[in-house]
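Report on one structure; see the data block that follows.
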Amino acid sequence: MSTNELWTLGIAAYAAIISTFVFGWDAYKWFDSGPKIRLTSSTGIRLIGGYQVDPNIYVSATAVNLGDRATTITNLGFLYYSSWFKAMMRRSGADQAFVIATPSQVQSIPFRFEPGAQWMGLAEQDEKLERMSRDGYLFVVLYHSHRGGVVRHRVAPIPATTDTSDA
């Protein structure tokens, strides 16, 4: 083999390695692109201010779009599982499922969820939700329009509400 052939072979091998790396990087970026939603929940929320006193207690769900694309929030709800196995194996249907009709009056659904934006919804916290959070596995679930359009977050066990008067 001549010197020119060795140089040509070396350059071709180097180009093949670089192009394979670039192809892999582009594939990774494609699979990793899209909305990435972080969902958290808080319990025992009271609304203050306004013209009327609201005696209700709420569970709040806060979502942040950390991705690079917008999506549309379509629903907010709860899923209840009686056992750990059912909760971890999503294909097993939930024992009970709930949809919140109007989780947010300000950011009503369907809501276009832009990258970097935050969305917040509320659901009334009642004795049934409190009991489900203690007796099983209660998840707040956010549905959106992108692929894999379900994000869930486990609601921490809620202690029984003994006092519902204003603090």
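Laboratory data are not the source of any read-out in this text; all were calculated from the coordinates shown. In this text the structure is predicted, and so the values were computed from the model without any measurement. Cβ sites come from the backbone with ideal geometry, for glycine too, and all protein chains shown count toward neighbours.
Based on this model, can you work out whether T102 counts as under 16 Å from the mean Cα position of the chain (by Cα) and either loosely packed, with under 12 Cβ neighbours inside 10 Å or part of a strand (DSSP E or B) (or both)?
Details: under 16 Å from the mean Cα position of the chain (by Cα): no; either loosely packed, with under 12 Cβ neighbours inside 10 Å or part of a strand (DSSP E or B) (or both): yes.
Judged against the criteria, T102 is not a match.
For A15, the conditions (1) farther than 17 Å from V151 by Cα; (2) of a type in the set (A, V, I, L, M, F, W, C); (3) within 16 Å of the chain's Cα centre (by Cα) are fulfilled apart from (3). Checking the stated criteria, K86 turns out to be basic (K, R), surrounded by 15 or more Cβ atoms within 10 Å (Cβ to Cβ) and either part of a helix (DSSP H, G or I) or in contact with a Ser or Thr (Cβ under 6 Å, 6 or more places away or on another chain) (or both).
If you take the residues in region 56-67 that are under 15 Å from the mean Cα position of the chain (by Cα) and part of a loop (DSSP other than H, G, I, E, B), which one is farthest from G148 (Cα to Cα)? Write out each step before concluding.
Taking region 56-67 first, the residues under 15 Å from the mean Cα position of the chain (by Cα) are 60-67.
Adding the requirement that they be part of a loop (DSSP other than H, G, I, E, B) leaves 66-67.
On the way: L66: 16, G67: 14 Å.
Taking the candidates together, the pick is L66.
Among residues of region 42-54 that are assigned to a loop (DSSP other than H, G, I, E, B), those with a Cβ under 7 angstrom from a residue that is loosely packed, with under 10 Cβ neighbours inside 10 Å, sequence gap 6+ or separate chain, pair up as V53/D166. Checked across region 9-16, the condition of being surrounded by 10 or more Cβ atoms within 10 Å (Cβ to Cβ) and closer than 30 Å to D95 by Cα holds for no residue.
Restricting region 24-55 to residues that are touching a Lys or Arg at 6+ places or on another chain (Cβ under 8 Å) and under 11 Å from H144 (Cβ atoms), which is surrounded by the most Cβ atoms within 10 Å (Cβ to Cβ)? Among those residues, the one meeting the criterion is P35.
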